[in-house]
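Structure first, then comments.
Only the coordinates and a few stated rules stand behind these numbers; no lab work does. These numbers come from a predicted model, not from an experiment. Cβ sites come from the backbone with ideal geometry, for glycine too, and all protein chains shown count toward neighbours.
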Amino acid sequence: MHSNTPSRSIDRDPSPVDTKLHATAQRAIARDLPQSTDNAPDEHPTHNLFLVSPDIDTETLLANASENLASASEMAATVAFNLDESQRSIVLGIQQLIDLSGLLVDRAHDQVARVISPAKA
């Protein structure tokens, strides 16, 4: 059976757009998401899958590298104990290289921190 009552969702007019709100939204979009021009050269090559931001300071880079090496060391240790003797030796050797690299990064981080600390004082 067909109803003669008009559907509210079809007959209802959309609410008028608040022009002031619309203008504010457009300004925010223009400020926070600037339009790129096709003529602008790419600052970074597009063939890189991962990229470290060039404006990150050395201390932060070293701290993150140290944390990554510590995580890799833990993963290698976990995997090593699930392997047979010959493969375990290889993975534990890799873990030792990771740990040694972590020591080097930690020392470099300490040296950078010493240089930065007097400069802040």
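Computed values, structure above
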{"read-out": "Where labels lie 7 Å past Cα in the beta-carbon direction, separation of Asp106 and Leu49 in nm", "value": "3.1"}
{"read-out": "FRET efficiency estimate (nearest 0.05) - Cβ-Cβ, Leu33 to Leu97, R0 41 angstrom", "value": "0.40"}
{"read-out": "When the convex hull of its Cα atoms is projected in every direction, mean area for region 58-120 (nm²)", "value": "4.0"}
{"read-out": "Separation of the Thr78 and Ser117 label points, Cα + 7 Å toward Cβ, nm", "value": "3.4"}
{"read-out": "Backbone HN-Hα couplings from phi across region 102-118 [Karplus 6.51/-1.76/1.60, Hz, Gly and Pro as x]", "value": "x, 4, 5, 5, 4, 5, 5, 4, 4, 5, 5, 5, 5, 5, 6, 4, x"}
